[in-house]
1. Which condition number does GLU455 fail, the rest of (1) outside any loop (DSSP other than H, G, I, E, B); (2) open to solvent by 20 Å² or more (accessible area, probe 1.4 Å); (3) at pLDDT 95 or above; (4) under 19 Å from VAL254 (Cα atoms) being met?
2. Of the residues in the range 188-230, how many are open to solvent by 30 Å² or more (accessible area, probe 1.4 Å), farther than 26 Å from ASP381 by Cβ and in contact (Cβ under 8 Å) with a residue 12 or more places away in the chain?
3. Does the range 273-289 include one or more residues that are outside any strand (DSSP E or B), open to solvent by 20 Å² or more (accessible area, probe 1.4 Å) and in contact with a strand residue (DSSP E or B) (Cβ under 7 Å, 6 or more places away or on another chain)?
4. Closer than 14 Å to SER142 by Cα and either surrounded by fewer than 16 Cβ atoms within 10 Å (Cβ to Cβ) or of a type in the set (Gly, Ala, Ser) (or both), is that true of SER78?
5. Could you check the range 401-440 and list, in sequence order, the residues that are open to solvent by 10 Å² or more (accessible area, probe 1.4 Å) and in contact with a Lys or Arg (Cβ under 8 Å, 6 or more places away or on another chain)?
6. Please determine, by comparing only the residues of the range 326-363 that are touching a helix residue (DSSP H, G or I) at 6+ places or on another chain (Cβ under 6 Å) and polar (S, T, N, Q), which one is modelled with the highest pLDDT.
7. When you go through PRO169, PRO186, PRO224, PRO180 one by one, which is the residue that is at pLDDT 95 or above, more than 22 Å from ALA88 (Cα to Cα) and either small (Gly, Ala, Ser) or in contact with a Ser or Thr (Cβ under 6 Å, 6 or more places away or on another chain) (or both)?
Amino acid sequence: VTCIEVVEAYVERIREVNPLINAVVKDRFEEALQEARQVDQLLAEGPGDDFLEEKFPLLGVPITVKEAFALHGMPNTSGLVNRRNVIATSDATVVSRLKQAGAIPLGVTNCSELCMWYESSNKVYGRTNNPYDLQRIVGGSSGGEGGGLAAACSVIGVGSDIGGSIRMPAFFNGIFGHKPTTGVVPNDGQFPNAQGVRTSFLCTGPMCRYAEDLELMLRVMAGPGTNKLKLNEKVSLEKIKFHCMDHDGGSIFVSPVDKEILQAQKKVVEHLESELGVQVRRVAIHKMKYSFQIWSAMMSSKDSNGQEAQLFSDLLGDHGKPVWPLWELIKWLVGMSSHTLPAIALGLTEKLVKLNPGGNAKLVSMGKSLQEEMEALLGPDGVLLYPSHPITAPRHHSPICMPFNFAYTAIFNVLGLPVTQCPLGLSSEGLPLGIQLVAASYNDHLTLAVARYLEKAFGGWVLPGKV
């Protein structure tokens, strides 16, 4: 097929499904079609397939990009009303690398306000709906990306993740998402970007429907950083030491893990043991029970230079007038606030976190010892199986009642470990199931190899609406 035919097919698909799911918030179809024609012209001139594959590994591949990333000529608001006129005049580093590899951006996708909540809804673009059930969330903050990819609006996409913002949407929408080892893929060119201690928690990574695309995308996005990863090493699955943990140990802040999610994880364990002949070791890591508290304390801690973490309420103001969360809450109650309730709530709670410096210091040191424990457990050849989230995609607005369920993904951001979310078919309600695959730092190649294996064994992505 020609590149123009591929891009036209995806443009048509977006026009068909986007009125239902509201994933793509601004398109660049004309430019994309023009770029597709240029690809076809390049192919017609025939510089040789080997040369093209080497120089442009993603030649002509349609992609979408989370709106929080700068994509030249596209809005870059991150769902903040007072940024609604901001248009990117350059490309974020990862976007630039994907374009240089030949990818063709179709447009930008929705996120939560300032990328700090796990329902993708804001006062600029409205709400994104899950393609498996429009009454349910797509997750956040890379939710438009997750829903759009699941509904086949593009082939691959760019997400970012500081508490699970790649993996939760990937889980809720039944696709693959990878949070790389910290510090390998550049984060610059997104808003808001991490400062202080958070620069070592925020990760930019690939999202896609097919496991084999993760590694190729990761190579392109990491650029020279790829050298730190062992992506050329052959992985022998039989030699991996598998560990399995069914839940966090019963945190009072988090929902119990759904039976069908546990069942799916059990099937993975049984399959690995019977097909690969490995022994999956059950582990109970006590500190995981405090995942939310550790993440929260580490997110608000000072960096090694003593720099304070940036306040979320300052970000809400975005160099304009300061935002007073309590006043915003009063305005919200009468329908006058330009902010979403989760953003206002986060602004209020960050003040509370600062009231207990002693408790925070204890939690930060618990986080550091958990990191050492995890690295020692996983070592050079270990993979941990762990739920991606305690429940399948919840109904719209309901996350506000269980705000800390994202702890299942967030803990791995502060531990800096690479994690791949892998789909495992659909629940009895037709909602995606999945699992997190976790390895020690710089062992991304292990989780990617296991993801490819599980895709073959459990079928991977399932087209929404397919009965």
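The values are calculated or read from the model by the stated rules, or taken from the named source; none is laboratory data. Just so you know, these numbers come straight off a predicted model, no measurement behind them. Counting neighbours? That spans all protein chains shown, and the Cβs are built from the backbone with ideal geometry, glycine included. Heavy atoms of the whole protein, side chains included, go into the accessibility calculation; ligands, DNA and RNA do not. Shrake-Rupley method; radii C 1.70, N 1.55, O 1.52, S 1.80 Å.
1. (4)
2. 6
3. For the range 273-289, residues outside any strand (DSSP E or B), open to solvent by 20 Å² or more (accessible area, probe 1.4 Å) and in contact with a strand residue (DSSP E or B) (Cβ under 7 Å, 6 or more places away or on another chain): present.
4. Taking the combined requirement at face value, the residue satisfies it.
5. LEU424
6. Checking each candidate, the answer is ASN360.
7. Of PRO169, PRO186, PRO224, PRO180, the one residue that is at pLDDT 95 or above, more than 22 Å from ALA88 (Cα to Cα) and either small (Gly, Ala, Ser) or in contact with a Ser or Thr (Cβ under 6 Å, 6 or more places away or on another chain) (or both) is PRO169.
For every residue, the table says whether it meets (1) at pLDDT below 95; (2) buried (at least 24 other Cβ atoms within 10 Å of the Cβ); (3) closer than 23 Å to VAL6 by Cβ.
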position: ASN110; (1), (2), (3): no, yes, no
position: TYR118; (1), (2), (3): yes, yes, no
position: SER121; (1), (2), (3): no, yes, no
position: GLY126; (1), (2), (3): no, no, no
position: ARG136; (1), (2), (3): no, no, no
position: GLY147; (1), (2), (3): no, yes, yes
position: CYS153; (1), (2), (3): no, yes, yes
position: GLY157; (1), (2), (3): no, yes, yes
